[in-house]
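Undergrad: Take a look at the following structure, please.
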Amino acid sequence: MALTDTAIRAAKPREKAYRLHDAAGLYLEVRPNGSRYWRLEYRFQGTRRLLALGVYPIVSLAGARQARDAARKEIADGVDPGHKRKLERLAEATSAESTFRIIAEEWLAKQEREGRAPATIKKTKWLLEFAYPVIGNRPIFEISAPEVLMVLRKIEARGRYETARRLRSTCGIVFRYAVATARAKSDPTSALQGALTTPKVTHRAAIIDPKAAGALLRAIDGFDGQLATQAALKLAPHVFVRPGELRTAAWSEFDLEQAVWTIPAAKTKMRRVQKVPLSHQVLQMLVDLRKITGDGPLVFPGIGNRRRPLSENTLNAALRRLGYAKTEMTTHGFRAMAASLLNEMGTWNPDAIERQLGHVEGNDVRRAYARAEFWDERIKMMQHWSDYLDSLRPGLE
């Protein structure tokens, strides 16, 4: 006989739990402490199973019957309602631990363990801060492409098109990490290709005309600022390494007898050891500079603290003092100067120039086979380059 609300209210606790049956497997279990629980007894694939449907009176008789009917429909459709509820509870429990912010921070910690440069980590954290207010606390598997686009559009509205593009790329890496760790099914940013404004490409300012390069070298010779700054400016065009690699150079990295500067992988952008052949001119500069800064670990120490390198802006500020605007020349521009003029000579293998610039082949297959470092050619090239710079210094007729 089917249950009634009157029968349920009249039911008294007993020494042992007992059941009040309704119909189609539904019953109310009355506990000795007076609590009452709805249960559904059913069979799935030949096995007897039990499903909890809630607590009376929070779930009424009518509500329990609706839940029973819904569960029986799932069974008829080949779905085990008990297993489905377990998966739902698991998803709810893990969603709080699988937000975009938590997974992004987990991925960042992995990047730090793998030795990514602190400056790179800092910049990535800065980028992700744009996303956190909107999607940071959202379960990552629920985030859709339109939600990510909303974040990026806000950045574009401020005219920061390149920042928006970089954030899309960074978010994509976080989503793919979530996919790889079984906490998301797809990367929604892949659907946003072509949706963002393409920023106008602005190249770093550089002097690539030989006559203008000679004038720059003469100006550097006349620089009257700090000795370490002047030395770094004089060395920069000869070695054309990245500015950060130059200003943080340590004496321990140089083998003056073998005429080679070995830059540790941790300092390079591509995270691979970079070797720089030292020309006669560079060796003489280093010998002279060692008399001034050789009592400390750094080749180019900053003012007031010999254990800290020149600041990021020191060399560019020095170029400004020499009269070169930021649209004319930057410290990074010495790399473009060397790359352009060395390639124009037509004497050197372009791959040797690329190796000396510290570039890594972007194609994985080609990189796997392009193991030659062109070391002998690079030694000759770097000496020729220093000789060429010396020939430019007096000025071209």
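Undergrad: Looking at the stretch 68-80, is at least one residue outside the structural domain of residue 40 (by TED's automatic domain parsing) and touching a residue at least 40 places away in the same chain (Cβ under 8 Å)? Before you say what the answer is, go through the steps one by one.
TA: Going through the stretch 68-80, the residues outside the structural domain of residue 40 (by TED's automatic domain parsing) turn out to be none.
No, that holds for no residue.
Undergrad: Among the numbered criteria (1) within 30 Å of residue 52 (Cα to Cα); (2) assigned to a helix (DSSP H, G or I); (3) aliphatic (A, V, I, L, M), which single criterion is violated by residue 103?
TA: Residue 103 satisfies all of (1) within 30 Å of residue 52 (Cα to Cα); (2) assigned to a helix (DSSP H, G or I); (3) aliphatic (A, V, I, L, M) except (1).
Undergrad: Exactly one condition in (1) under 22 Å from residue 85 (Cα atoms); (2) modelled with pLDDT under 90 is false for residue 49; which is it?
TA: All conditions are met except number (2).
Undergrad: Further question: Which condition number in (1) in a loop (DSSP other than H, G, I, E, B); (2) under 19 Å from residue 334 (Cα atoms) is the one that residue 272 fails?
TA: (2)
Undergrad: For the stretch 238-269, which positions are over 18 Å from residue 306 (Cα atoms) and assigned to a loop (DSSP other than H, G, I, E, B)?
TA: Within the stretch 238-269, 240, 241, 242, 256, 257, 258, 259, 264, 268, 269 qualify.
Undergrad: In addition: Select, from 9, 89, 43, 39, the only residue that is in a strand (DSSP E or B) and free of Cβ contacts under 8 Å to residues at least 12 places away in the same chain.
TA: Details: 9 fails: in a strand (DSSP E or B); 89 fails: in a strand (DSSP E or B); 39 fails: free of Cβ contacts under 8 Å to residues at least 12 places away in the same chain.
Being in a strand (DSSP E or B) and free of Cβ contacts under 8 Å to residues at least 12 places away in the same chain holds for just one of 9, 89, 43, 39, which is 43.
Undergrad: Here's another thing I want to ask about it. Out of the residues in the stretch 306-340 meeting the condition of being among the aliphatic types (A, V, I, L, M) and part of a loop (DSSP other than H, G, I, E, B), tell me which one is nearest to residue 350 (Cα to Cα).
TA: If we take residues in the stretch 306-340 being among the aliphatic types (A, V, I, L, M) and part of a loop (DSSP other than H, G, I, E, B), then 329 is nearest to residue 350 (Cα to Cα).
Undergrad: Picking from 153, 138, which residue would you name as being of a type in the set (Lys, Arg) and crowded, with 16+ Cβ neighbours inside 10 Å?
TA: 138
Undergrad: Could we say that residue 245 is surrounded by 15 or more Cβ atoms within 10 Å (Cβ to Cβ), farther than 27 Å from residue 327 by Cα, in contact with a strand residue (DSSP E or B) (Cβ under 8 Å, 6 or more places away or on another chain) and of a type in the set (D, E, K, R) here?
TA: Judged against the criteria, residue 245 is not a match.
Undergrad: Also, I was wondering about something else. Would you mind finding the one in 261, 251 that is more than 26 Å from the chain's Cα centre (by Cα), crowded, with 18+ Cβ neighbours inside 10 Å and farther than 19 Å from residue 205 by Cα? Steps first, please.
TA: Values: 251 fails: crowded, with 18+ Cβ neighbours inside 10 Å.
None of the others qualify; the one that does is 261.
Undergrad: Related question: Of the residues that make up the stretch 196-215, is at least one surrounded by 12 or more Cβ atoms within 10 Å (Cβ to Cβ), in a helix (DSSP H, G or I) and touching a Lys or Arg at 6+ places or on another chain (Cβ under 8 Å)?
TA: Checked the stretch 196-215: at least one residue is surrounded by 12 or more Cβ atoms within 10 Å (Cβ to Cβ), in a helix (DSSP H, G or I) and touching a Lys or Arg at 6+ places or on another chain (Cβ under 8 Å).
Undergrad: Let me ask another. Select, from 328, 354, the only residue that is closer than 20 Å to residue 232 by Cβ, in the same structural domain as residue 388 (by TED's automatic domain parsing) and surrounded by 14 or more Cβ atoms within 10 Å (Cβ to Cβ).
TA: One residue alone meets the criteria, 328.
Undergrad: List, please: which pairs have Cβ atoms under 7 Å, are six or more places apart or on different chains, and start with a residue in the stretch 374-391 that is assigned by TED's automatic domain parsing to the domain that holds residue 215 and among the hydroxyl-bearing types (Ser, Thr, Tyr) and end with one that is buried (at least 17 other Cβ atoms within 10 Å of the Cβ) and in a helix (DSSP H, G or I)?
TA: Cβ pairs passing all conditions: 386/238; 386/281; 386/282.
Undergrad: Sticking with this structure for a sec: Please give the number of the condition residue 54 fails out of (1) surrounded by 13 or more Cβ atoms within 10 Å (Cβ to Cβ); (2) on the phi < 0 side of the Ramachandran plot; (3) assigned to a strand (DSSP E or B); (4) not β-branched (Val, Ile, Thr).
TA: Among (1) surrounded by 13 or more Cβ atoms within 10 Å (Cβ to Cβ); (2) on the phi < 0 side of the Ramachandran plot; (3) assigned to a strand (DSSP E or B); (4) not β-branched (Val, Ile, Thr), the lone unmet condition for residue 54 is (2).
The values are calculated or read from the model by the stated rules, or taken from the named source; none is laboratory data. As the structure is a prediction and not an experimental result, all values here were calculated from the model. Here Cβ is always computed from backbone atoms with ideal geometry, including for glycine, and neighbour counts include all displayed protein chains.
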